[in-house]
1. Pop out the carbon and sulfur fraction of the accessible area of region B:162-296 as a percent, whole number, probe 1.4 Å.
2. Report the B-A buried area as the accessible area lost on both sides summed, probe 1.4 Å, in Å² to the nearest 100.
3. Of the DSSP beta bridges with both residues in the protein assembly as shown, give the percent that are antiparallel, rounding to the nearest 5.
4. Using alpha-carbon pairs under 8 Å, 6+ residues apart, how would you state the relative contact order of region A:91-169 in percent?
5. Given label points at 7 Å from Cα along Cα→Cβ, what nm distances, shortest first, separate A:Y7 from the same residue in every other copy?
6. Could you tally the net charge around A:H165, taking each other residue with its Cβ under 14 Å from the Cβ of A:H165, Lys/Arg +1 and Asp/Glu -1?
7. Determine the calculated [θ] at 222 nm for chain A from helices alone, applying -39500 (n - 2.57) to every DSSP H run no shorter than 4 residues and normalising by the residue count; nearest 500 deg cm²/dmol.
8. Can you pull the accessible area of B:R342 for me, 1.4 Å probe, Å² to the nearest 10?
There are 2 protein chains.
Amino acid sequence: MKAARYYDRGDIRIEDIAEPEVEPGTVGIDVAFCGICGTDLHEYLDGPIFVPAHGHPHPISGEDAPVTLGHEMSGVVYAVGEGVSDLSVGDHVVVEPYIIRDDVDTSENNPAYHLSPDMNFIGLAGRGGGLAEKIVVERRWVHPIGSDIPLDQAALIEPLSVGYHAYKRSGGKAGDFALITGAGPIGLLTAAVLKAEGITVAISEPSELRRDKALETGVADHVFDPRETDVVAKVKELTDGVGPDIGFECTSVQPALDTLFDAIKPTGVIVVVSIWGKPGSLDMQKLVLKEVDLRGTIGYVNSHPDTIALVQSGKVDLAPFITDKIALDDLIGKGFDTLINRNETAVKILVDPKA
Amino acid sequence: MKAARYYDRGDIRIEDIAEPEVEPGTVGIDVAFCGICGTDLHEYLDGPIFVPAHGHPHPISGEDAPVTLGHEMSGVVYAVGEGVSDLSVGDHVVVEPYIIRDDVDTSENNPAYHLSPDMNFIGLAGRGGGLAEKIVVERRWVHPIGSDIPLDQAALIEPLSVGYHAYKRSGGKAGDFALITGAGPIGLLTAAVLKAEGITVAISEPSELRRDKALETGVADHVFDPRETDVVAKVKELTDGVGPDIGFECTSVQPALDTLFDAIKPTGVIVVVSIWGKPGSLDMQKLVLKEVDLRGTIGYVNSHPDTIALVQSGKVDLAPFITDKIALDDLIGKGFDTLINRNETAVKILVDPKA
C-alpha cells in the first residue's frame, strides 16, 4: 500500500509498503482522510522532534525513522481482531493517536494518561499513520462516529479535540468571555468549541485573511488586529471594564502572552495551547496581584467522545475549515509547501491516501 | 497616643498622635501586639510602595504619608460603635486589614473582594495601624478569636492567613506532598498550614538556620540545601518518581521557580506566594507538556475564620515563630534593623505598643 514515510528533516517519501496485520484486540481501518498538522510541518522543517531518529527507537513502539506520518485521520473499519466485539466492518471511526505504555491506566478513570512517561503519537513515533491507505490501531484508541458526520470533516476531530481539552482546562462556562491570541488552525478550532459551549469569543490576530476566516466561520464574535488596535482596551470595553474570564495563547509569541495578562480579569485563567520554542517572560506581579491561573494544555484526554458528540449535535460545523483535499502523491507539493508558504489562507488540508 | 508613622523611605517616626474616634459601625481596639512584616521593611528600604506618598492620597482612604504603620495586629475591644451588636468590650480580636471600596461586595459570597480596584491595606494606606496604642476598624474587618489564643500568637494570624489562602489556591489535600522554596516567615507559616491539613512538606532553603527552624517547629518533614543537594532528585525519590503534587514559591528568585517546575508532577500546581520585583523566565514547554497550573496568590479572602479555627484547634502552634518582643520605641533599632541585618534567625518580631 502507499504511505508517506518520514526519513529525516526535509526527507519525506511516498513509498509502497506492506499492509499492516490485524492482531487480536486491534481494528483495521481503511483511511478515508488524514489532515496535515503543524506538528508534521515542524518535523519536516526542524525535526526529527517527536519522530524517533534513525537508530534511536522509541521506548514504547520500538520503532525509529523511517515511520509513516499522519495522526489526524478518519476511516472505515475493514476488519476487527479477535476479542473486538463492539465495532463492526463498515463502521466509521476516528483515531485518538496515542502511544502509551501498557502499564498505564488509559481508562476514563485516569485524567492524565496523556501525560504518562514516554507518551508519543501514532503517525509520529510508529504504529503506522494516517498518511497511508490502511492502519491497524488498538481498540482503545478507535472511536466510532456514527454515520452522520462526513468522513472528510471527521478528520478534523483530532485537532478539534485539542481545542476541546484546552476549553476543559480553562474551566470556561456558558456566558463567559474568552480572548484567543492567534487564529491559526488550533486557535480557530478552540474558538469553535468555545462558541459551541455558549462562550463569547474575541480573537487577536495580525493576519487579515485569518481574521476574515474567523468571522466567516462564525467562531469569533470580535476580531482585532493587535498592530492597529489596543486589544486590552477593546476587550475591557466589551466586558464592562473587567476583562475576559478566560484566555487562550495560540501563537507562541511574547506580545500575545503579555496582552492576555494585561487583559484577563482578576481570578481569570490563561491556557497556553501553543508550543513555545524558547522560554517566555512572565510579569509575576500580574500573576500574583490578579491571582491569575496560567495553565498548560497538551493533546487530549478522554476528550474524543465529547468532541464527537459536539460535532454530531451540529454545534460545531467543521466543513469551512477544510481548505483543500489532495492526493498522497501531492503531499509535499500541494500540502506542506502550501502550508509553509501560504499559510494565511490554508486552514486544514486533507489528504486522501487512495486518490 | 504613641504611633509609628511612615513619612518616607528611611523615615519612620515614633510620635504622639490623637486617638481615633469610634464611629457608628466601627470597633475600638486596644492593640496588644503587632508584627513587623516584610512589606513594612520594603516600604522602609525601597518605598513608598503601598503607602500613598505625600501629596498623592489613596483613592479610597483619602490619606497620604505620614500614615501609621502595622497590619499584623491583635488586641482587645475597648469600645463598639453604634450598630455593632455582635462584639463586646473585652473581646479578643484580630484585624483583616483591608481598605476596599464601599461599593464592593465584601461578603463571603464574593471570592475576590481582595482583588477589587484600588484595594490596599490598613497600616499601609491609612485608616490607622497596629503600630499604635489604639486603632478603630470597621466591624467587617474585625474577627473575634475567643479567649484561648494568647494575644501574642494572635498577632501572627494575619500572616498565617496568607499561608492559608495560598494553601486554598493550591487545591492541596490531606496525603499530598508539597515542595516549598524558601523558609522565610511566609514559607514557614505556609508550611504550618499544610502540615495542619495533613500534607507532607519538603522545604528547599539555602540558610542552615532557617532549615533548622523549619525542623524545630515541626512544619517540615524534609529540608534541603539547594546549593548542596539535587532537590528535584530528592523529592522525586520521596514521591516514587512522580514529583510533588503542589509547590509554593516563597523566595522570588529564578532558580527556585525552575526547581519547582522541574520537580512538580504532571497536572501539579505551583503557587507563587512571593512578590517578584522583576519578570520571571518561564519554560513554557514544562508548563505545557506537564499541564502544570501556575497560580498567583495575594493576601487572603474570607480566610480569617478558618485560619483562626486552625489555631484554636491546636493544629498550628504559632509560639515558636515569635523570635522577639520589643517596645514601640525600639521599632527601628531592635525591629527593622534586626530583620534587615540578621534575618536568618528572626522569624516574627512583635511590637507591644504600650511597652
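The values are calculated or read from the model by the stated rules, or taken from the named source; none is laboratory data. Only a predicted model underlies this, so the values are computations on that prediction, with no experimental measurement involved. Glycine gets a Cβ as well: all are built from the backbone with ideal geometry, and neighbour counts include every protein chain shown. With ligands, DNA and RNA removed, areas are computed over all heavy atoms of the protein, side chains included. Shrake-Rupley method; radii C 1.70, N 1.55, O 1.52, S 1.80 Å.
1. Solvent-exposed carbon and sulfur of region B:162-296 make up 49 percent of the total.
2. It comes to approximately 2600 Å² buried between B and A.
3. 60 percent
4. The value is 40 percent.
5. Those label-point separations list as 8.1 nm.
6. -3
7. Only helices count here, giving -6500 deg cm²/dmol.
8. 140 Å²
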